[in-house]
Amino acid sequence: MVAGVGKGKKNAFVALLGRAVRAEDDFARALVESSRDYASWAKLARARGRREGDAHADALRLLDSKGHLLNVLDRACEVEDGDDGAKDEVERARRVREAWTKTKATQRAKFEKSGGAEGVAEARLRKREAKERINASRKEREAREARDKERKEARLEYATKVHEARSAGACLDWLNMGRCRFGEECQFEHDAMSRGNLKDLAVKVGAETGDVKRERNQTEKAERKARAKAMREAGGGDDEDTLGGRFSSSEDESDDDEGDVPGFLKIERARRAAEALLATNKTSSSKTNKDAGKSATKKAKHFNEKQLERKQKFLKEGKNQPFVKKGMKKRPQPTESAQKNKKKKPRRADSERKQKRKGMARTFFGGDD
């Protein structure tokens, strides 16, 4: 629909043209005698609409579109077989309908003759192909979303069951693979009824089970062996252990022997080997520094003990004594009798003026009455 032109305005404009076709002989004759092209019919319909003023100003924009033009004129020239209107009006409408049908046939013939039919067919084919691509992409997206949703639900279910199994003290290898890599050394329970219960679910969610880790380790070992072999061949076939990247066959054999050893045991062995290597490579300077550090710590400890002892002695001797600032002499505390006999010393001597005023009667003006 054209912007600003609703169904109400369009229906009112169609009703206006329909009444004009039936009731106005001049308008109907002009339509019948016009040339067989859409522009002439649109021009006549536009002129009839403008005669009504601004009532159908918005609806006139419908005639600028070919699709809306065909729809408006088809509805305006429509004549039913059992029409019971006036005879002359029905006859006039039939003539206009026949003229409109011939106009459409002429225009369609010109369109097909100019190759427009092929263009329309190609356009329809492109439209159909685009629609098929859109539908295919939509189906693919829906299938992907369904797979993601199913995988998410499977992950949630797997995580819940693994948590329950761990809380119950079950072995995950026993549940995921149906066997345990640790054998008798495993500290978790191996229930015969729960053997391999999570195997299918673990494969579905792609969990990091023992089989997956073993396959990854085997792949990495094969790659390392291939690199070592290529480096030995490039270096002249020496099997010496050097820092240049050459590896001996004994190391490869040890790797094969440790294929089923858990990863945390390998890490622990490597850590112990590194600590042993560091212990054997300590220099004399490090020992000297260590001894010096010990002596310094011992001296500091001795000094701290002496200081603590002096502090305790000071607190013990000076308990219940008044605080004396540094550099001041201690004064003996006076006895109670001495405090009683001691007269209070005046703050300052009385002035001569004050002595004269003693015993005088005071007035408001400061003198005698």
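The values are calculated or read from the model by the stated rules, or taken from the named source; none is laboratory data. None of the values given here were measured: they were computed from a predicted structure. Every residue, glycine as well, gets a Cβ built from its backbone with ideal geometry; the counts of neighbours run over all protein chains shown.
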Given (1) without any contact (Cβ under 8 Å) to a residue 60 or more places away in the chain; (2) exposed (fewer than 14 other Cβ atoms within 10 Å of the Cβ), index of the condition residue 25 fails:
(1)
Condition first: within 60 Å of the chain's Cα centre (by Cα), part of a helix (DSSP H, G or I) and small (Gly, Ala, Ser). Now tell me which residues in the range 96-120 satisfy that.
109, 116, 117, 119
In the range 28-47, how many residues are part of a helix (DSSP H, G or I) and surrounded by fewer than 21 Cβ atoms within 10 Å (Cβ to Cβ)?
12
From the list 69, 73, 63, 16, exactly one residue is in contact (Cβ under 8 Å) with a residue 12 or more places away in the chain, under 14 Å from residue 99 (Cα atoms) and part of a helix (DSSP H, G or I). Which is it?
73
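With respect to residue 144, determine if the residue is assigned to a helix (DSSP H, G or I), surrounded by 11 or more Cβ atoms within 10 Å (Cβ to Cβ) and not hydrophobic (A, V, I, L, M, F, W, C).
Against the criterion (assigned to a helix (DSSP H, G or I), surrounded by 11 or more Cβ atoms within 10 Å (Cβ to Cβ) and not hydrophobic (A, V, I, L, M, F, W, C)), residue 144 does not qualify.
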Go through the residues of the range 162-182 one by one and say whether even a single one is farther than 19 Å from residue 70 by Cβ, of a type in the set (S, T, N, Q), under 29 Å from the mean Cα position of the chain (by Cα) and surrounded by fewer than 11 Cβ atoms within 10 Å (Cβ to Cβ).
no
Selection status of residue 63, at pLDDT 85 or above and either closer than 15 Å to residue 22 by Cα or aliphatic (A, V, I, L, M) (or both):
no
Among (1) surrounded by 11 or more Cβ atoms within 10 Å (Cβ to Cβ); (2) hydroxyl-bearing (Ser, Thr, Tyr); (3) modelled with pLDDT of 75 or more - the single one residue 209 does not satisfy
(3)
Taking the condition of being under 21 Å from residue 157 (Cα atoms), at pLDDT below 80 and not in a loop (DSSP other than H, G, I, E, B), how many residues in the range 174-198 meet it?
1
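Might you let me know whether the range 235-246 holds any residue that is modelled with pLDDT of 80 or more and of a type in the set (Ser, Thr, Tyr)?
no
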Per the list (1) out of contact with any Cys (no Cβ under 6 Å at 6 or more places or on another chain); (2) without any contact (Cβ under 8 Å) to a residue 24 or more places away in the chain; (3) under 30 Å from residue 24 (Cβ atoms), residue check on residue 97 breaks on (1)
